[in-house]
1. If you check R36, R29, R43, which single one turns out to be assigned to a helix (DSSP H, G or I) and under 12 Å from the mean Cα position of the chain (by Cα)?
2. Just to be sure before I move on: is R84 assigned to a helix (DSSP H, G or I), of a type outside the set (G, A, S), open to solvent by 80 Å² or more (accessible area, probe 1.4 Å) and modelled with pLDDT of 95 or more in the structure I sent?
3. On the basis of being part of a helix (DSSP H, G or I), modelled with pLDDT of 95 or more, out of contact with any strand residue (DSSP E or B) (no Cβ under 7 Å at 6 or more places or on another chain) and surrounded by 10 or more Cβ atoms within 10 Å (Cβ to Cβ), does L55 make the cut?
Amino acid sequence: MNHIYDLDGIIITLGVLLLLTPVIIVALRQLGKTQRAKAVLAREQEYRRLTEMALTTQELLDQRLTEISAQLGDVRARIESVERTLKDVE
């Protein structure tokens with residue numbers, strides 16, 4: 001009679017394992033998908049941050065270029081004034 005109880009225990013254990021295995025597999029797959037989704041979201045946020053930094057840098061460069069252009073125009077005007085003065089002196 002001991003063998004029958006042992007066989008019943010083995011059958012029950014195998015049955016439980018067979019029922020739990022798909023549940024564990026599905027849970028692990030979902031966990032993996034969740035982690036991948038979080039990684040994609042983090043990467044997209046980092047790209048967004050880098051894009052904002054690039055735009056800010058571009059705006060600062062545009063402002064600086066405008067300032068330099070204005071200064072260059074002023075220098076040109078001064079040089080032309082000096083050239084006219086030198087031509088008048090000759």
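The values are calculated or read from the model by the stated rules, or taken from the named source; none is laboratory data. Here the structure is a predicted model, which means the values were calculated and not measured. Quick reminder, even Gly has a Cβ in these numbers, built from the backbone with ideal geometry, and neighbours come from all protein chains shown. Each accessible area value is taken on the protein alone, full model and side chains, heavy atoms only, with ligands, DNA and RNA left out. Shrake-Rupley method; radii C 1.70, N 1.55, O 1.52, S 1.80 Å.
1. On the way: R36 fails: under 12 Å from the mean Cα position of the chain (by Cα); R29 fails: under 12 Å from the mean Cα position of the chain (by Cα).
Residue meeting the stated conditions: R43.
2. Values: assigned to a helix (DSSP H, G or I): yes; of a type outside the set (G, A, S): yes; open to solvent by 80 Å² or more (accessible area, probe 1.4 Å): yes; modelled with pLDDT of 95 or more: no.
It is false that R84 is assigned to a helix (DSSP H, G or I), of a type outside the set (G, A, S), open to solvent by 80 Å² or more (accessible area, probe 1.4 Å) and modelled with pLDDT of 95 or more.
3. Working: part of a helix (DSSP H, G or I): yes; modelled with pLDDT of 95 or more: yes; out of contact with any strand residue (DSSP E or B) (no Cβ under 7 Å at 6 or more places or on another chain): yes; surrounded by 10 or more Cβ atoms within 10 Å (Cβ to Cβ): yes.
It is true that L55 is part of a helix (DSSP H, G or I), modelled with pLDDT of 95 or more, out of contact with any strand residue (DSSP E or B) (no Cβ under 7 Å at 6 or more places or on another chain) and surrounded by 10 or more Cβ atoms within 10 Å (Cβ to Cβ).
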